[in-house]
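To start, the structure itself, in structure tokens.
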Protein chains: 2
Amino acid sequence: MAYRETDLVRQRKVAQKSGLLHAAETLVREGGFGALTIQAVAEGAGVGVGTVYRYFSGKDELATEVFKRATTREVAAVREALSGPGGAATRLAVATEVFAQRAFSAPKLAWALIAEPVDPAVDVARLQYRKTYTALFETVVANGVATGEFAPQNPGLSAAALVGAMAESILGPLANPVCNAETIAALRLFCMRAVGAQC
Amino acid sequence: MAYRETDLVRQRKVAQKSGLLHAAETLVREGGFGALTIQAVAEGAGVGVGTVYRYFSGKDELATEVFKRATTREVAAVREALSGPGGAATRLAVATEVFAQRAFSAPKLAWALIAEPVDPAVDVARLQYRKTYTALFETVVANGVATGEFAPQNPGLSAAALVGAMAESILGPLANPVCNAETIAALRLFCMRAVGAQC
């Protein structure tokens, strides 16, 4: 009996922490990390402030957790696009579109993840997130160079450049999301030209 | 006489503040913003800690001032390269090389300016710095599109993408600065292909 009870407590804790993170991400989706406060998370999750502190040391840890959860999802979507059917050029084009479309579907969240000035702990996680993206893009660039679809180039450098290009160029359009289809097409073409894809 | 004395005091203050900023930048060149402390700045400038606080409210203000001074210089160098002789393709190529060469000549400082996790106040200045760069590059891209040197494209989006590409792709090489000439050439070619320059 004792074991089963402990199990239940553990499950409830996992569920409660997940609920807090969900409430926290909802705040970031609406107003960026600037809207994330322990008080607002407690209200959003329908618990007391003390309960939030039972799971997180403070706002910075909560922000870092929200960042990691959200970016893990974004990276997974891009990874899936890059492992889809077709040659390297097709997969790179689709991944670029997936990145941009997802950003436009939650512009405040995308801005918060990419560029919002925030605690250094989130900046540290951001550098890691960009490295993870770069590793994914390096594989597809190397693949395209090997098959002759792309120009000869240093795949690692080009991959980092693509990640930087995508992140930086989406920021302006995210602040004023009109003509999203044109922005996405322009970004795709930039990336295709940048790797020297035959289009 | 009173007026002349006030003038002298003012001059001395300007000189002292400039000396403190010089000492602060020297620390950042050697160890990034992480090496910047009020104590170390005071020691470097040969003054007491209290004197530093007479000019700066604290470390964050000092870091932001160092950031602004250093990036103003970097932006001026790139602006000069972009206003040099030759067509848009030549000027963009030279500007890319100037950016990268300057970064390699002070790799710790470049890393600190571009990506070191640091106080949000510096992040705010970073966003402004990238906007300033983007505006410079937008002019040369628009110029190249107008003369037919570059492919038709949205100059604002491409300019932001170039700035992001340059910043992100230099980070890895800055951490391990070998074969800098190859890195610079690779970055230049990436940017040239990205705008669809005839090379």
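Readers should treat all values here as calculations from the given coordinates under stated rules, not as data from a laboratory. Model, not experiment: these values are computed from the prediction. A quick note on method: Cβ atoms are made from the backbone with ideal geometry, for glycine too, and the neighbour counts reach across all protein chains shown.
Things to note:
- Nearest-0.05 FRET efficiency for A:Glu61 and B:Gln128, computed from C-beta distance (R0 22 Å): 0.20
- In the assembly of identical copies, B:Leu127 has its label point, taken 7 Å from Cα in the direction of the beta carbon, separated from the corresponding points by 2.1 nm (ascending, one decimal).
- Look at the Cα gyration tensor of the stretch B:1-112: its axes a ≥ b ≥ c give a/c of at least 1.5 with a/b at or below b/c, and that counts as oblate.
- Taking every residue in B:109-121 and counting other chain Cβ atoms within 10 Å of its Cβ, the average works out to 3.
- Inter-copy spacing of B:Tyr53 label points, which lie 7 Å from Cα along Cα→Cβ, given in nm from shortest upward: 2.9
- Partners of B:Lys59 within straight-line reach, counting lysines whose Cα lies under 27 Å from its Cα and excluding those fewer than 8 residues away in the same chain: A:Lys59, B:Lys13, B:Lys17, B:Lys68, B:Lys108, B:Lys131.
- Inter-copy spacing of A:Pro177 label points, which lie 7 Å from Cα along Cα→Cβ, given in nm from shortest upward: 4.1
- Of the DSSP H helices in chain A, those whose Cα atoms cover at least 27 Å axially and whose Kyte score averages 1.0 or more: A:155-175
- The mean number of Cβ atoms from other chains found within 10 Å of a Cβ in peptide A:184-196 is 5, as a whole number.
- Cα-Cα pairs of the protein assembly as shown separated by more than 29 Å (percent): 51
- Calculated on alpha-carbon atoms, Rg and Dmax of chain B in Å: 19.7, 66
- Using a Förster distance of 45 Å, the FRET efficiency for B:Glu5-B:Ala135 (Cβ separation, nearest 0.05): 0.55
- Reported to the nearest whole Å, the Cα centre-to-centre distance from the stretch B:102-144 to the stretch A:148-170 is 18.
- Two numbers describe the Cα atoms of the stretch B:107-176: Rg and Dmax, which are 14.2, 43 Å.
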